[in-house]
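What follows is a set of notes on a single structure, which appears directly below.
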Amino acid sequence: MATVALKDVSKVFPNGTLAVDNVNLDVNDGEFMVLLGPSGCGKSTVLRMVAGLETPTSGAVMIDGEYANDLTPPDRRIAMVFQDFALYPHMTVEDNIAFPLKLAGMESTPREERVASVATALGIGDVLGRRPSQLSGGQRQRVAMGRAIVRRPRLFLMDEPLSNLDSGLRAELRAEISGLTRELGVTTIYVTHDQAEALTMADRVAIMRKGVLQDVGTPTQVYGRP
Ligand code: ADP
Ligand code: ADP
C-alpha cells in the first residue's frame, strides 16, 4: 500500500518534446487509478517518472511522502508490467514467478508456498512446470503479473498490459487484474488508451491530452455513468 503524489510535474525530453505539462495528481492508498488518453499524450512518461525510470524536468513525484528519485530501486518496492511480458523463456512458470524471491534470498520452502499461492490466485497453478512457449497469451500475462506481485510491492504500475491480447481475453483479464489488486490492497496505476478498460477497472480515472491532465474522478463523475 502506498500513496503517490505528483506535484507540478513536467517533463521535457532533450529533443524539446514537452511530454508532460504541469501535472498534479494524488493516488490514494490501495486505489486503482487508470491513466487514460490517446497514444502520445504522456501516460507512459508519467508512469516512468513514478517508477523512477525518468526524472521530472520540474516538479516532484512523491511516494509515501518521499521523493521517488531519492529512493533506491529496492526501497521503491514498485512492480511493473508492460505489454511485452518479457518472461525468461528458458525457465518454467514456477521459476519465472519465483525469480524475484530467489534474488531476494528467500528460502526454497517459503518461496514455493508464496509462488503456489500467487499462481493459484491467478489461475495458473496447473501450468507451473511449463515454459512460456507452451502457454497461451493470457497465461503468459498472468505469469508476468505473478512475477511482478510475488514480492508484495507497495505500488503496482501497468502500461497497456492487455493490448496484445484478443478482445475476449482482454475482458476476462480486466476483471481478474482489478480483482487481484483489490484483494492484495496494492495501490495501482494502470495506463491505457481504452476507455472501456478504464470504465470497468478504475476506482478513479485520470484523463490526459497532450501532456495535460484534463480531468480526474470516478468513472461516474467523469462519464456520468459507472
Ligand atoms: P503515451 O504513453 O501516452 O503514448 P508517451 O509518454 O510515451 O505517451 O509519450 C509522450 C510524448 O513524449 C510523445 O510525443 C512521445 O513521442 C514523446 N517521447 C516519449 N519518450 C521520449 C523520449 N525518450 N525522447 C523524446 N520524446 C519522447
Ligand atoms: P527483507 O526485508 O527480509 O530483506 P524484503 O523482500 O522484504 O526482504 O526486502 C528486501 C529489499 O527489497 C528491501 O529493500 C525491500 O524494500 C525491497 N522490496 C521488497 N519487496 C519489493 C518489491 N515487491 N519490489 C521491489 N523491491 C521490493
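The values are calculated or read from the model by the stated rules, or taken from the named source; none is laboratory data. Keep in mind that what you see is a predicted model, and the values were worked out from it rather than measured. Counting neighbours? That spans all protein chains shown, and the Cβs are built from the backbone with ideal geometry, glycine included.
Select the helices (runs of 4 or more DSSP H) contained entirely in the range 1-113, then report the ones holding at least 3 residues which are of a type in the set (S, T, N, Q) and within 20 Å of R209 (Cα to Cα).
On the way: elements: 43-50, 73-76, 93-103.
So the answer is none; nothing clears 3.
Of all residues in the range 53-75, those being buried (at least 19 other Cβ atoms within 10 Å of the Cβ) and within 16 Å of ligand 2 (Cβ to nearest atom) number 2.
One line per residue, one yes/no per condition, for (1) at pLDDT 90 or above; (2) buried (at least 21 other Cβ atoms within 10 Å of the Cβ); (3) touching a Cys at 6+ places or on another chain (Cβ under 9 Å):
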{"residue": "A121", "(1), (2), (3)": "no, no, no"}
{"residue": "D126", "(1), (2), (3)": "yes, no, no"}
{"residue": "R131", "(1), (2), (3)": "yes, no, no"}
{"residue": "R152", "(1), (2), (3)": "no, no, no"}
{"residue": "L157", "(1), (2), (3)": "yes, yes, no"}
{"residue": "S163", "(1), (2), (3)": "no, no, no"}
{"residue": "I177", "(1), (2), (3)": "no, yes, no"}
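The residue that is nearest to A206 (Cα to Cα), counting only those in the range 31-52 that are more than 12 Å from ligand 1 (Cβ to nearest atom) and not β-branched (V, I, T), is M33.
Of the residues in the range 136-143, none is within 16 Å of ligand 1 (Cβ to nearest atom) and either outside any helix (DSSP H, G or I) or surrounded by fewer than 19 Cβ atoms within 10 Å (Cβ to Cβ) (or both).
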